[in-house]
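Report on one structure; see the data block that follows.
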Amino acid sequence: MPLGATVVPMILVTDKTLITKLRGDVSVWLVYITIGNISCNVCQKQTVLSKLLLGFILVFKDITKSIDNKEA
């Protein structure tokens with residue numbers, strides 16, 4: 001690394017959320033990103049946007065197993 005360079009740690013955080021308005025069998029894992037060198041006093045305030053929503057991952061329940069069990 002060149003002289004004077006700074007290492008910035010990046011932290012990825014996930015949070016599971018259920019989507020009940022669309023379908024009952026869908027859950028979403030929200031993925032947030034934050035910088036690791038933000039102090040706790042600043043990071044925990046709700047008025048400060050210390051986390052950024054990076055994206056989300058949809059998770060569907062496997063309904064084929066429940067259908068197969070009902071037919072048997």
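The values are calculated or read from the model by the stated rules, or taken from the named source; none is laboratory data. These figures come from a predicted structure and were not determined experimentally. Neighbour counts are summed over all protein chains in view; Cβ atoms, including those assigned to glycine, are modelled from backbone coordinates with ideal geometry. Each accessible area value is taken on the protein alone, full model and side chains, heavy atoms only, with ligands, DNA and RNA left out. Shrake-Rupley method; radii C 1.70, N 1.55, O 1.52, S 1.80 Å.
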Any residue in region 35-46 that's open to solvent by less than 60 Å² (accessible area, probe 1.4 Å): show its pairings with residues that are of a type in the set (Gly, Ala, Ser) at Cβ separation under 6 Å, as long as the two are six or more apart or on different chains.
Ile38/Ser50; Cys43/Ser50
Residue count, region 1-13, condition open to solvent by 80 Å² or more (accessible area, probe 1.4 Å) and under 17 Å from the mean Cα position of the chain (by Cα), comes to 2
Of all residues in region 47-56 being closer than 22 Å to Leu18 by Cβ and open to solvent by 90 Å² or more (accessible area, probe 1.4 Å), the one that is modelled with the lowest pLDDT:
Lys51
